[in-house]
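What follows is a structure written as structure tokens; I'll ask about it next.
The values are calculated or read from the model by the stated rules, or taken from the named source; none is laboratory data. Model, not experiment: these values are computed from the prediction. Using ideal geometry, Cβ is built from the backbone for each residue, glycine included, and neighbour counts are taken over all protein chains shown.
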Amino acid sequence: MTSGDYLEKILDRMTSTHNITRNFTANGKTFAAHALYEASSEKYVLSRKANLWKVSESEHVLFMTLPENADPGTDPGANPGADSDADPGASPEALFEEAGRVISDYMEPVLSRGNEKYPPKDHMRTFLTAVLVLERSPGPELIRKVHRYRFDKSYLFSLRGFSQGRIIVVDLPSKKVYTSPAAKDVAAFFRQAL
């Protein structure tokens, strides 16, 4: 199975709940896809004007692929999220490092907070997920780094909610999925598409 085949299967499964954008460009880089899920809930008395509480939550999923023919000796930062027809210059380790930077430097400030100091008033939580689809197996050191990855940020002592970063590595040759601790609950979903 190629990264393109896996991407088609997983995006097809996510279409009913997420808004999908293929070839998503963000922060000067092109990613294979972006999936957005948004939900809100509220409690009111008699009319919506008498609102007791309201919360909103969202999930942003960025898909980054690495083709089998990627040469680890070339520039490791060259367009890491692009599909296999783009410059295949990244190694799995460089792709992981780029995913961590994208979560902290782009997804959290831009997608979670909208470039504001805090998220909107009714914000409860935002999941920021990077999915790395690899056509060659990652090494044991990378797997260890994925299992140790953490990114948590609360706003105003959690009164404005929190954002949580998650990294998922899909190892196509071994048909395995490795996740950060925050993504353990969604690992089975990604495993089913293998």
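Among (1) assigned to a helix (DSSP H, G or I); (2) hydrophobic (A, V, I, L, M, F, W, C); (3) touching a residue at least 24 places away in the same chain (Cβ under 8 Å), which single condition is Ala188 missing?
It is condition (3) that Ala188 fails.
Among the residues of the stretch 67-82, write down those that are exposed (fewer than 12 other Cβ atoms within 10 Å of the Cβ) and either under 21 Å from Tyr6 (Cβ atoms) or modelled with pLDDT of 85 or more (or both).
The one that is exposed (fewer than 12 other Cβ atoms within 10 Å of the Cβ) and either under 21 Å from Tyr6 (Cβ atoms) or modelled with pLDDT of 85 or more (or both): Asn69.
Just to be sure I understand the filter: pairs with C-beta atoms under 7 Å, separated by 6 or more residues or on different chains, first member in the stretch 100-113 and farther than 10 Å from Gly165 by Cβ, second member exposed (fewer than 15 other Cβ atoms within 10 Å of the Cβ). Which pairs pass?
So the pair list comes out as Tyr106/Asn27; Pro109/Asn115.
Within the stretch 147-167, track down each residue that is part of a helix (DSSP H, G or I) and among the charged types (D, E, K, R). Show your work before the answer.
Restricting attention to the stretch 147-167, the residues satisfying the condition of being part of a helix (DSSP H, G or I) are 147-148.
Of everything in the stretch 147-167, just one residue is part of a helix (DSSP H, G or I) and among the charged types (D, E, K, R), namely Arg148.
Assess whether Lys117 counts as being outside any strand (DSSP E or B), of a type in the set (Lys, Arg) and either at pLDDT below 90 or on the phi < 0 side of the Ramachandran plot (or both).
On the way: outside any strand (DSSP E or B): yes; of a type in the set (Lys, Arg): yes; either at pLDDT below 90 or on the phi < 0 side of the Ramachandran plot (or both): yes.
Spelling it out, Lys117 is indeed outside any strand (DSSP E or B), of a type in the set (Lys, Arg) and either at pLDDT below 90 or on the phi < 0 side of the Ramachandran plot (or both).
From the list Leu159, Leu194, exactly one residue is over 28 Å from Glu8 (Cβ atoms), surrounded by fewer than 18 Cβ atoms within 10 Å (Cβ to Cβ) and of a type in the set (A, V, I, L, M). Which is it? Lay out the reasoning, then the answer.
Working: Leu194 fails: over 28 Å from Glu8 (Cβ atoms).
Every option except Leu159 fails the conditions.
For (1) at positive phi; (2) assigned to a strand (DSSP E or B); (3) loosely packed, with under 14 Cβ neighbours inside 10 Å, each residue gets a yes or a no:
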| residue | (1), (2), (3) |
| --- | --- |
| Gly4 | no, no, no |
| Asp12 | no, no, yes |
| Ser16 | no, no, yes |
| Ala33 | no, yes, no |
| Ser41 | no, yes, yes |
| Leu46 | yes, no, yes |
| Ser56 | no, yes, no |
| Val61 | no, yes, no |
| Thr65 | no, yes, no |
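Regarding Lys29, is this residue closer than 25 Å to Arg136 by Cα, surrounded by 14 or more Cβ atoms within 10 Å (Cβ to Cβ) and touching a residue at least 40 places away in the same chain (Cβ under 8 Å)?
Working: closer than 25 Å to Arg136 by Cα: yes; surrounded by 14 or more Cβ atoms within 10 Å (Cβ to Cβ): yes; touching a residue at least 40 places away in the same chain (Cβ under 8 Å): yes.
So Lys29 fits the description; yes.
Here is a check on your reading of the model: is Arg144 closer than 19 Å to His34 by Cβ, outside any loop (DSSP other than H, G, I, E, B), of a type outside the set (A, V, I, L, M, F, W, C) and at pLDDT 95 or above? Walk me through it before giving the result.
Numbers: closer than 19 Å to His34 by Cβ: no; outside any loop (DSSP other than H, G, I, E, B): yes; of a type outside the set (A, V, I, L, M, F, W, C): yes; at pLDDT 95 or above: yes.
It is false that Arg144 is closer than 19 Å to His34 by Cβ, outside any loop (DSSP other than H, G, I, E, B), of a type outside the set (A, V, I, L, M, F, W, C) and at pLDDT 95 or above.
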